[in-house]
1. Over the alpha-carbon set of the stretch 46-87, divide Rg by the Kirkwood Rh and report the Rg/Rh ratio to two decimals.
2. Counting only Cα, what are the radius of gyration and maximum Cα-Cα distance Dmax of the stretch 1-89, in Å?
3. Give the relative contact order (percent, whole number) for the stretch 1-74; include only Cα pairs under 8 Å separated by 6+ residues.
4. Under 15 Å from the Cβ of residue 29, count the other residues' Cβ atoms, weight Lys and Arg +1, Asp and Glu -1, and hand me the total.
5. Report the residues of the stretch 32-54 in range of a label on residue 10: point 7 Å along Cα→C-beta, backbone N strictly under 13 Å from it.
6. Within the set of other residues whose C-beta is less than 14 Å from the C-beta of residue 43, count the net charge using Lys and Arg as +1 and Asp and Glu as -1.
Amino acid sequence: GVYYAMAGRTEEAERELRALEALPPSPFNALRLASLHAALGNRDEAIRWLEYEPNHAWAGWIAWGPEFDFLRDDPRFHTILRHMNQELVPGQRAPVPLEALPPELPDPVGTG
């Protein structure tokens, strides 16, 4: 569906979106829905699915996935990245890890 959307084939992308929405919620389906909504330009829906907990292990893709480029100016997107202990640095395409986790966020690798 993402590739359909990026190719301008909106009807096919929306058909794929409906099929995904019919599946039970899960971390992987949430990531897929976020990607497809982002590719279709549905900012609020993309953010909503990116906020799904728990995140899928591949959620780090959002920091550099091209379908998420239009979200880079959205403060909610940066909050989601910080929750994954990442941040975008101006002029860099890939995220960089934060120095230390804020105290209100859990340690993702359990090192304390």
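No lab work stands behind these numbers, since they all come straight from the coordinates. These numbers were taken from a predicted model, which means no experiment stands behind them. Cβ placement follows ideal geometry from the backbone for every residue including glycine, while neighbour counts extend to all protein chains displayed.
1. Across the stretch 46-87, the Cα-based Rg/Rh ratio is 0.90.
2. Over the stretch 1-89's Cα set, Rg and Dmax evaluate to 12.3, 37 Å.
3. Averaging sequence separation for qualifying contacts and normalising by length gives 29 percent for the stretch 1-74.
4. Values: positive: 18, 32, 48; negative: 16, 21, 45, 51, 53.
Counting the neighbours of residue 29, the net charge comes to -2.
5. 40-42, by backbone N distance to the label point.
6. Summing Lys/Arg as +1 and Asp/Glu as -1 gives -4.
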